1. Filter the stretch 56-86 down to the residues that are away from the ligand (no atom under 14 Å from the Cβ) and assigned to a strand (DSSP E or B) and list them by number.
2. Taking the stretch 151-168, which residues are over 18 Å from residue 80 (Cβ atoms) and touching a residue at least 40 places away in the same chain (Cβ under 8 Å)?
3. If you take the residues of the stretch 89-122 that are among the aliphatic types (A, V, I, L, M), surrounded by 21 or more Cβ atoms within 10 Å (Cβ to Cβ) and at pLDDT 90 or above, which of them is farthest from the chain's Cα centre (by Cα)?
4. Can you name every residue in the stretch 304-320 that is touching a residue at least 60 places away in the same chain (Cβ under 8 Å) and outside any helix (DSSP H, G or I)?
5. If you go through the stretch 294-303 one residue at a time, do you hit one that is among the hydroxyl-bearing types (Ser, Thr, Tyr) and assigned to a loop (DSSP other than H, G, I, E, B)?
6. For residues that are small (Gly, Ala, Ser) and buried (at least 23 other Cβ atoms within 10 Å of the Cβ), scanning just the stretch 246-276, find the one that is nearest to the chain's Cα centre (by Cα).
7. What's the number of the only condition in (1) small (Gly, Ala, Ser); (2) over 28 Å from residue 265 (Cα atoms); (3) modelled with pLDDT of 90 or more that residue 166 fails to meet?
Amino acid sequence: MGLCVSYFSSSSPSKMTNNRSRADFLSTTETTNSNVGRPNQFLRAASDGSGQILESTNVKLYSFLDLKTATMNFKPDLMLGQGGFGEVYRGWIDAKTLAPSIAGSGMTVAVKRLNSENVHDLEDWQSVVNVLGRLSHPNLVKLLGHCREGKELLLVYEFMPKGSLSDHLFQRTEPFPWDLRIKIMIGAARGLAFLHGLQRTVIYREFNPSKILIDSNYEAKISDLGQAKLGSLQANPQVTVRIMDKYAAPEYLATGHLYVKSDVYGFGLVLLEIMTGLRVYDPKRPEGQESLLNWLRPKLSSKDKVKHIMDKGIKGQYSSKVATEMGRITLSCTEPDPKKRPHMMEVLDVLEHIQRINLVIPSSSKPDIASYSHSSPRHYQY
Ligand SMILES: Nc1ncnc2c1ncn2[C@@H]1O[C@H](COP(=O)(O)OP(=O)(O)OP(=O)(O)O)[C@@H](O)[C@H]1O
């Protein structure tokens with residue numbers, strides 16, 4: 001995890017570093033020639049009023065003891081999950097002062113305790129926390145606080161009570177309703193478009209369904225802003241390089257160069273996952289079908305064939321026009337040539353259109369979202 005900061009002209013595609021550490025999945029780049037090569041509408045994301053860059057960061061500095069208190073000493077029962085860089089615990093803080101509070105009172109937060117062995121470039125910890133703590137958008141999980149004490153590194157995030165898109169798509173027996181799938185991807189597209197539309201462009205880099213978290217209203221927020229500049233390969237060449245990143249764009253795997261459009265590729269793969277209900281890569285599938293995109297790409301452009309790749313569990317919840325349009329936008333996002341991929345604002349427009357055209361499906365053939373939404377992933381019930 002980590003952030004790679006580099007400076008370049010924003011003419012797209014934007015060349016980045018050739019570091020391939022998983023560590024620098026979230027990259028910021030400053031535009032020296034701010035709008036060159038961008039469609040005007042691309043700036044809408046940063047200027048539509050929904051997101052902003054705060055004057056100063058509100059990210060609170062916690063002591064390790066504070067966060068021990070907030071999480072009942074990192075009680076195993078409170079563990080929300082474990083990622084490649086550490087564990088995430090449920091915790092509680094005072095909603096006004098953000099001071100740690102006793103379990104069950106105040107505001108719930110997610111406390112990420114990073115495994116410091118994976119963190120190698122700590123000099124910029126404070127500055128990166130400051131930069132990312134200033135980004136505010138309804139579709140980004142808010143970074144509320146951080147702690148750095150000896151080997152302990154922690155980040156405190158807004159709590160997302162419905163877990164991740166990955167939990168809903170792949171961990172549950174009940175199929176995730178189509179309307180929610182599209183709503184969530186629209187929210188995620190807004191979050192990414194905001195990052196890409198900033199004058200100091202942010203490339204997220206490891207977009208995938210476990211990074212899309214869901215709030216109580218099924219609004220999506222992109223998580224992990226703030227896991228920043230912690231462990232670039234430059235700082236520590238021994239860091240394991242994860243060459244076969246399942247969601248990584250081909251140009252990144254081939255050259256190590258990262259572009260704004262590399263995020264669009266990852267987004268396209270998640271679109272394919274919400275269409276099919278299948279993981280983007282599964283070695284257990286029969287030969288030739290392990291990579292979802294390689295297997296299904298020929299069907300995405302065919303009006304007749306695309307219907308057949310849709311998740312059987314959501315049959316009847318979308319029109320065939322929706323399936324066709326989804327096939328088209330997925331194909332376009334996953335174009336091998338990054339220049340041919342759309343900007344996130346364009347993807348957002350298409351998804352909003354798809355959401356509108358699906359209104360023709362009578363609600364009687366759709367599942368009762370209210371009853372679905374009463375359930376949360378098991379580990380989120382407390
Ligand atoms: N803000 C949050 N609110 C609620 N749950 C969260 C929050 N952040 C993370 N989680 C949960 O904690 C678990 C681990 O998250 P984490 O970000 O560490 O890992 P990941 O995204 O699965 O993988 P990695 O960081 O290795 O790429 C996930 O299952 C996620 O659902």
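1. Selection gives 60, 61.
2. Passing the criteria: only 152.
3. 93
4. 311, 317, 318
5. yes
6. 266
7. Checking residue 166 against (1) small (Gly, Ala, Ser); (2) over 28 Å from residue 265 (Cα atoms); (3) modelled with pLDDT of 90 or more, the one that fails is (2).
The values are calculated or read from the model by the stated rules, or taken from the named source; none is laboratory data. If you're wondering where the values come from, they're calculated on a predicted model, not measured in any experiment. Here the Cβ is made from the backbone with ideal geometry for all residues, glycine too, and neighbour counts use every protein chain on show.
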